[in-house]
Amino acid sequence: MKILIINGPNLNLLGQRKPEVYGQYTLKELNAFVREHFNKIELDFFQSNHEGEIIDSIHNAMENFDGIVINPGALTHYSYSLRDAIEACALPVIEVHLSNVAARESFRKISVISDVCSGTVSGFGAYGYVLAVQGLINQLKRTKQE
Ligand code: CA2
């Protein structure tokens, strides 16, 4: 089983500012934390500050991965191109956020991708990525059995 984990704009800054909101881990540490929970699953990690590169990575994932976990950063709240890419890709996609977006500014309460994703995890910090990957694995196993 192969899963792609995508992080969007500004998530390369993790660990440098706002630890009270986004936690202490750098992106490298976050990726290592997620990886150490899954030794039997192939995980690939991609981060970009550019919407088009993220969309390209979703298109390319169709050939090479079984599913995607994505934290699209602020693209979550307004990117219809990202939404279209997720809807068009035949893979299950789980949306993840480090912070509890439902408890923050009103623009963050809006996600234009949630309804084209298979699930959303929000507010559990780095552990949310582990929950998202585990949820995706369970979903993939269930659909294989059907
Ligand atoms: O809670 C999340 O994971 C977010 O997706 C993070 C995005 C934010 O725009 C979403 O509303 C919620 C932003 C990531 C910004 O990352 C920073 C990291 C360190 C310092 C400043 C920003």
Just a yes or no: is a residue in the range 32-41 within 16 Å of the chain's Cα centre (by Cα), modelled with pLDDT of 95 or more, crowded, with 18+ Cβ neighbours inside 10 Å and closer than 30 Å to residue 142 by Cβ?
yes
Filter the range 104-146 down to the residues that are of a type in the set (Phe, Trp, Tyr) and either within 14 Å of residue 93 (Cα to Cα) or open to solvent by less than 50 Å² (accessible area, probe 1.4 Å) (or both) and list them by number.
129
Looking only at the range 1-26, how many residues end up being among the aliphatic types (A, V, I, L, M), within 12 Å of the ligand (Cβ to nearest atom) and open to solvent by less than 40 Å² (accessible area, probe 1.4 Å)?
3
Is there any pair with a first residue in the range 14-37 that is under 19 Å from residue 2 (Cβ atoms) and a second that is more than 10 Å from the ligand (Cβ to nearest atom) and open to solvent by 40 Å² or more (accessible area, probe 1.4 Å) whose Cβ atoms are under 7 Å apart and which are 6 or more apart or on different chains, and what are they?
31/45
Filter pass, residue 8 being touching a residue at least 40 places away in the same chain (Cβ under 8 Å) and not aliphatic (A, V, I, L, M)
yes
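The values are calculated or read from the model by the stated rules, or taken from the named source; none is laboratory data. Since this is a predicted model, take the numbers as computed values, not measurements. All Cβ positions, glycine included, derive from the backbone under ideal geometry; neighbour counts span all protein chains shown. When the accessible area is computed, the model is the full protein with side chains, heavy atoms only, and any ligands, DNA or RNA have been set aside. Shrake-Rupley method; radii C 1.70, N 1.55, O 1.52, S 1.80 Å.
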